[in-house]
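K.L.:
One structure follows; several queries about it will come next.
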Amino acid sequence: MTASLQELSVPGPTVTALTEPFWEAVKSGRLMIQHCDSCERSVFYPRAICPHCWVDALTWTEASGRGKLKSFSQVWKPGHPGWIPATPYLVGLVELSEGPTMLSHILTEGAQVAVGDALHFAPTQIGDRILPCFKMG
Ligand SMILES: [Zn+2]
């Protein structure tokens, strides 16, 4: 990575009424996911109805922030030119310890990564926003 993430000028997330609790929690350093009060399974990304049992009984709960790397890719040609100064960077699928998988920026700090590596939630300032990222360990 050649540029500081704080210096980037990149588009932010599209926040909706459904996703606002997730994004507001990230700003304060917390990872919130939904939990189904009917089938007791965790859900991510935010939805109105549980994808496992189709009941509309989802409650926001704080996740542990722990997970493992399920897959990853090094990005050399980002989808938005604002990310070019930060290339190459890593994005990965993080299998949360609660079960769901989320796509995230992975902060490697120069370390080699491998599928199965332990990760922890690390909200990070990117441009003028705090965005959800994960770090090794
Ligand atoms: Zn359910």
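Rule-based calculations on the coordinates, nothing more; no lab input. Small disclaimer: the values here were computed from a predicted structure and weren't measured. Note that each Cβ is placed from the backbone with ideal geometry, even for glycine, and that neighbours are counted across all protein chains shown.
K.L.:
List the lysines whose Cα sits under 19 Å from the Cα of LYS27, skipping any in the same chain fewer than 8 residues away.
P.N.:
By straight Cα distance, LYS27 reaches LYS135.
K.L.:
Over the chain, calculate the relative contact order: mean separation of alpha carbon pairs under 8 Å at least 6 apart, over the residue count, as a percent. Don't skip to the answer; put the middle values down first.
P.N.:
Numbers: 284 pairs, mean separation 36.1, N = 137.
Computed over the chain, the figure is 26 percent.
K.L.:
Net charge around LEU69, counting only other residues with Cβ within less than 13 Å of its Cβ (Lys, Arg = +1; Asp, Glu = -1)?
P.N.:
+2
K.L.:
Using 7 Å Cα-to-Cβ label points, what is the VAL115/GLU24 separation (nm, one decimal)?
P.N.:
3.8 nm
K.L.:
Kindly work out what percent of the DSSP beta bridges joining two residues of segment 14-136 are antiparallel, to the nearest 5.
P.N.:
90 percent
K.L.:
Counting just the Cα atoms, what span does segment 14-136 cover along each of its three principal axes? Round to the nearest Å and put the largest first.
P.N.:
Largest to smallest, the principal-axis extents are 44, 30, 24 Å.
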